[in-house]
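To keep things clear, I will list the structure first and then write my remarks on it.
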Amino acid sequence: MKRNAKINDDVRWQRVLDREPAADGEFVFAVMTTGIYCRPSCRAKHALRKNVLFFPDASAAQQAGFRACKRCQPDKADPRQQLMEKVSLACRLLEQEQTLTLDQLARQVAVSPYHFHRLFKSVTGMTPKAWQQAWRARKLRESLKESDTVTEAVLAAGYPASSSYYRHADDTLGMTAGQYRRGGDNLRVRYTLQSCSLGRCLVAASTRGICAVLPGDSDELLIEALAHMFPNAQRDEADAAFSHQVSEVMAMLDGKRANTALALDIQGTAFQQLVWQALRAIPAGETRSYQEVAQAIGKPKAVRAVANACAANKLALIIPCHRVVRQSGALSGYRWGEARKAELLRREAELRK
């Protein structure tokens, strides 16, 4: 037992030497010559190993007679958690009808505007303004289904006046409010079917940009999937000119391009947009667990909701949901088949070598 304890302490000491933030909350270390205990990530000068003791938490270190470091404050909440709580508070403040400026938000969470903007975007992948716009878009979708008129729905979603909504109608819904209320009728979606390294693939576009990239095994099933996604839209097979435009998408599917510069029409709820932003921030050749994605967007308990957002993705590779795996590293379900997911991850790992 002593030998195992020594090995564990050696590992803990290495994490202290590395000042590893991920070790914070797992243990604290105390320096006998100073009588102070610290977090593993503390930036203070390291003591000699022979003068260091390890404790499971701050309470145990205090009971042993050590006092908390004033620099890293190990007796208080994890600094990362404090930052997450500030972002969570800001999200709640943004999810209301009143428009808040960056300065007003920063004051409410007690952070300077500059640092708050950087913090919010690093956690959520979106600016505060984009977050509130996404929230209003979700409220607008809900209100359009319940309100008698478009104007009522616009005001219920928090827009100060209907004119401020109509200036951004297409960006908010991907169609006019009237079309949305009628289930997307009169919306035109063009599509083309081609072969790629993943089998057959359907690429579709609305007037705003690429709205679906669907790999599959048969043209019939892919067309059926498109009809399910856009049940009331006018769906037309594209001409040769459009088929040539989507060659960039096909190059992505074949692993010949890292991304595409084509305009995109990414429609989803505020939460889905948040998750998809986080997925697009994952570098090619790397993976994240559903838990890590949930933590990255400031909602650590929303693991199942993150998985559902991944499953709702309509844009294969462009929104790289294949880079999300189980906590153990094992592959999980993939909308377009686990074999394709495994191949995509293998290919990206090869490109990083």
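Observations
- Peptides 28-40, 189-201 ranked from most to least packed give 28-40, 189-201, packing being the mean of other C-beta atoms within 10 angstrom over each peptide's residues.
- Under a 5 Å amide H cut-off, with hydrogens placed 1.01 Å from N, residue 288 pairs with 324, 325 among residues at least 5 apart or on other chains.
- Residues with amide H under 5 Å from that of residue 188, placed H, sequence gap 5 or more: 207, 234
- Gyration tensor verdict on region 188-253 (Cα atoms; rounded if a/c is under 1.5, prolate if a/b is larger than b/c, oblate otherwise): oblate
- A cut-off of 5 Å between modelled amide H atoms, ignoring neighbours fewer than 5 places along the same chain, links residue 264 with 210.
- Computed from the Kirkwood radius of its Cα pairs, the Stokes-Einstein diffusion coefficient for region 2-68 at 37 °C and 0.692 mPa s stands at 279 µm²/s.
- Least to most buried among 46, 322, 244 (fewest other Cβ within 10 Å first): 244, 46, 322
- Residue 291-residue 88 FRET efficiency (beta carbon distance; Förster radius 22 Å; 0.05 resolution): 0.85
- Antiparallel %, DSSP beta bridges [both residues in region 202-326], to 5: 50 percent
- Karplus-derived HN-Hα couplings along region 111-121 (A = 6.51, B = -1.76, C = 1.60, θ = phi - 60°), whole Hz, x at Gly and Pro: 9, 5, x, 4, 5, 5, 4, 5, 4, 4, 5
- Size of region 270-352: Rg and Dmax of its alpha carbons, in Å, are 11.6, 34.
- Separation in nanometres of the label points that stand 7 Å from Cα toward Cβ, at residue 217 and residue 242: 2.7 nm
- You can think of it this way: the chain between residue 118 and residue 95 has 6.3 nm of extra reach, that is 0.36 nm per residue less the Cα-Cα gap.
- Normalised alpha carbon radius of gyration of region 62-126 [divisor 2.2 N^0.38 Å]: 1.42
- Residue 194-residue 14 pseudo-label distance in nm [points 7 Å out on the Cα-to-Cβ vector]: 4.8 nm
- Protection proxy ranking, peptides 11-20, 305-314, average beta carbon neighbours within 10 Å, highest first: 305-314, 11-20
Each value in this text was obtained by applying a stated rule to the coordinates, not by laboratory testing. Since this is a predicted model, take the numbers as computed values, not measurements. In this analysis, Cβ positions are derived from the backbone assuming ideal geometry, glycine residues included, and neighbour counts consider all displayed protein chains.
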